[in-house]
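Shown next, in C-alpha cells, is the structure this report addresses.
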Amino acid sequence: MSDQGAGGGLESHMPTHRRQDSAEEPIPTEPAPETRPAAESDPEALSPQHLPRGSRKSVSDRGGRVGTPQPLSRNPSNCSTSSNSREYLPTRTTPAPELQQQRQSPPTSLPAPASIPPLEPPVTKATLSELDVQKIVHNPKLRHDINFDPDLHFRPNLDGDKGKKKQEKANQFWAALLDQLVLFVTDRETFHARYGHGDWCLPVLLRAVRDIIETLVPMRDRELLNEGLNVDLLMQQFYRGVADLEKLASWLASVLKLHCAPMRDEWVDDMYQELSNGNRENDVRELVNGMRSLLSVLEAMKLDVANHQIRCLRHVLIEDTVHFEQRFFMRKMESRKLNIAPSRMWYRAAQEYTERLYAGSPLPHAHAFGEMSVFFEALSRLALPSTCLKAIPPTFIFDEDRLLKLRSDMHDSICLEICVRKFEELERLSRVTQICSKLPSYVSDEPASHRFSGDFNFMGGGSSRPSSLAFSDRSSAFSSPRNSGGFFTPSTFDAADSRSRASEVYESLLALLHTASAASNPAERWRSLAGPAALQILRYVNAPPSLHGFESQLTAWLDDVNCDTFREVETHFHQRLMAEMARRVTEFKNLAGMALFSAATGGRGGAAALGGSNTQSRSQRNSGLFAEAPREPRDEAGVEDMAARLAHLGVLHWRVWAPLAYEGNAESALGAQQQQQQQQQQQNAMF
C-alpha cells in the first residue's frame, strides 16, 4: 500500500484530474464534452512532393487548406495536461517570419543540431496513472470524500491558475507539432538538422498513444497493438514519404471502438474523418486536430474506466472507511508525520467551555447527541464565521474543504438575513411615516389643550396618546366615531403583504449573490456586494432614506463579523443549527456504512431543502409571547442543509477519531509501546 501524506488531498495525489464538487454544478455520469479549440499557429501551405503517399494533391497558397477548422463539440485533450511534477520548457519552434526568410535564402551550411528536448504530450500514461484502480484504492483522501459525494467522479482539472497553465502547455505542444510538420514538408534539411535524432513531437506523441492504449486493452490484444502501432517502423515510413496515415487512422478507429463505450463511437468517427481528410487534402492543421482528438478519446476512455471502478467499489470503500482511516492515521502517528495533540487540546477546551457556559446544567439536546454532546457543540462553532480559521484541529485534515464551504454558506445566510432584517426595519419606518403624513388636520394642527380633551380615553396615566390612535389594527372600545377614522384599516398592517415583500427582497438578493464575482473569502465577496445590496433593498422601500448613508451602514454590518448586528444574527442561526443538527444526529448515529451515506446524501439538494420538513420546529418558534412572524423558506432551507452536512461529517469523524484522540490517546499508547520495544531490544542486547 502506498504511503501517502495525510495532508494531501485529491488535488495533490491526482495532479492531472480531479473530482467535481456536486455543490458547484451537476455532475454527469460520464465526463462532460467541451468544445475543441482551434490550433493557434498559422503554417505555410505544404509542398505536395514532400508529403507521404496518398496525400500528394495540389495545394494552394498560404491561406488555402491551412485555415482554421470548424470547432468540434468534444472535450479537447489539452484539458488534461501534465502532472505538477513535470516541467515544460518555454520554447517554441522557429516563428513564421524567420521560416519565410529561410525559404527565401537557403543556408549554405547546416545549422548545429538543437539540444532542446521535445515537449511532452498533454496526456500520457504517467499523467493518467493516478486513475488506476490501485491508486484509487490506496488514496485516503478519495476514500474519505467518497462518503460525502454521491456523484463523485473524475474529470480533467481545468480550474484556476493551474488549469490555465495546463491548457497553455497543451496549446504549446500542439502548436509545436504543427510547426514541426510544416518545417518537415517545406525545409527538409533544416528539419533533419534540428530533429534528425528523432526527438520531436510526432514520435513522442505516437509512443504516448501506444502506451495509453496498452492500459485500455486486455493482454491478448497487446501483441496486435505492437504490430499495428510500431512507432519506429511508422517513423521510417514517414521520413521516406510512404506512410499511409489513412490506413493507420482506420486501424486506430477499429481498435478504439472495440474497447470504448458506445457513446464514444461518434467521437472516434470524428477523429478518423479528421485524420483522413487531413491526409487526403494535404491539410496539416486538420491532421493535428485529428491527433488531438485521438488523445482526447483516449483520455475520455481512461476516465470512463476510472469512474466505472469508483461506482463498483463505492460500497466496499464506504463500509471500510473507519478501519482504513484508523490504520492510515496510526501509521502517520507512528512515523511522527501527524501530531494530534492540538486536537486533544481543542476537545478539552470545548469540555471546559461547556462546563462554564452551562454551569452543571444539562447541555441542550443532550438526549440527541449523547456522548457526542461536547463534540458537536464545538464542531458547530467551527462553522461560524466569527471563529478563527486557525482553530480547526488537525484531525479534520480531510474535512477542511467541507468546513470552509460550510462557513462560507453560513456567512452568506447570515448576511442575507441581515439585509432582509434591515429591509423590514426600513419598511416599518416607511409605513409609520406614511401614517403620520395621513393624520387629519384636527389631530396634527389643533393645540394640545384642545386636542386632548375629556372626549378621549387615555392609555394609562400620563399618556399623551388616545387609545384610538394606537399603532395597531384594533380599534378602541371607547373611541368616538370622529377619531377612529378609516385611515387605520387592518390592510395597512397586512402581515402577509409584508412577508411577501420580504421574500421578494430575499430572492433578489440571492440572485445578486449568485452573480457575484469570485472572491478569496466570503467577507471580501460581501464587501463588494454591500453597495448593490443596499440599492436593491431601497428599491423595495416606499420612502427610502439616503442611499449613501444606508450603504455605509450596511457595509459596516456585513463587513465586521464581530459587530453586534452580525453576532446577534449569528447566534440566532447557531441556535437553529444546533436544534436541526440534533434531529439529524438522532437519525444518523445508529446507521453504519452505506446506510449512513444514503440517509445523509439521498435527500440533500436545493429542491428538497426548499420544501422544508421542519414544520414542527417552525410552529414552535412562532408560538409563545415573543413569537416571530412566520418566515419563508429563505432562512429554513439553508440551515436544514447545513445541519445535515455537518451531522454527517461529525458522526463519521467521531467514529474515526474518538478512540484515537478524544476519548483515547493513541499517541501515548504508541509512545509507551515504542518505549517497551526499545527496552526489550536493550535487554536482548545485554544477553
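Points to keep in mind about this one:
- For the peptides 585-594, 359-368, the ranking by packing is 585-594, 359-368, with the highest mean count of neighbouring Cβ atoms within 10 Å listed first.
- A straight chain from residue 366 to residue 240 at 0.36 nm per residue would run longer than the Cα-Cα distance by 37.2 nm.
- In sequence order, calculated HN-Hα J values of the stretch 279-293 (Karplus, 6.51, -1.76, 1.60; Hz; x Gly/Pro): 6, 6, 9, 6, 9, 5, 4, 5, 4, 5, 5, x, 5, 5, 5
- Ordering of 287-297, 410-420, 513-523 by packing [mean C-beta count within 10 Å, highest first]: 287-297, 410-420, 513-523
- For the stretch 504-518, 3J(HN,Hα) computed residue by residue from phi via the Karplus equation (6.51, -1.76, 1.60; θ = phi - 60°) reads 5, 4, 4, 5, 5, 5, 5, 5, 5, 5, 5, 8, 5, 6, 5 Hz, glycine and proline entered as x.
- For the stretch 172-182, 3J(HN,Hα) per residue [Karplus equation, 6.51 cos²θ - 1.76 cosθ + 1.60, θ = phi - 60°, Hz, x = Gly/Pro]: 4, 5, 5, 5, 5, 4, 4, 5, 5, 5, 5
- Computed E for residue 500/residue 193 - FRET, C-beta separation, R0 45 angstrom, nearest 0.05: 0.05
- Modelled spin labels at residue 512 and residue 595, positioned 7 Å past Cα toward Cβ, are 4.7 nm from each other.
- Ranked list, fewest to most other Cβ atoms within 10 Å of each Cβ, for 640, 281: 281, 640
- A simple spin-label model places pseudo-atoms 7 Å from Cα toward Cβ; at residue 388 and residue 663 they are separated by 3.1 nm.
- Cα-projected label distance for residue 217 with residue 254, points at 7 Å along beta-carbon direction, nm: 1.1
- Panel order for 642, 235, by other beta carbons found within 10 Å of each beta carbon, from fewest to most: 235, 642.
- Length released on extending from residue 129 to residue 227, taking residue separation times 0.36 nm less the Cα-Cα span: 32.9 nm
- Distance violations [Cα-Cα > 25 Å] among 135/162; 165/337; 125/332; 257/302; 165/332: 165/337; 125/332; 165/332
- Taking other C-beta atoms within 10 Å as the exposure proxy, 271, 372 rank 372, 271 from fewest upward.
Each reported figure results from applying straightforward, stated rules to the coordinates on display, with no laboratory input. The structure displayed is predicted, hence computed values, not measured ones. Note that each Cβ is placed from the backbone with ideal geometry, even for glycine, and that neighbours are counted across all protein chains shown.
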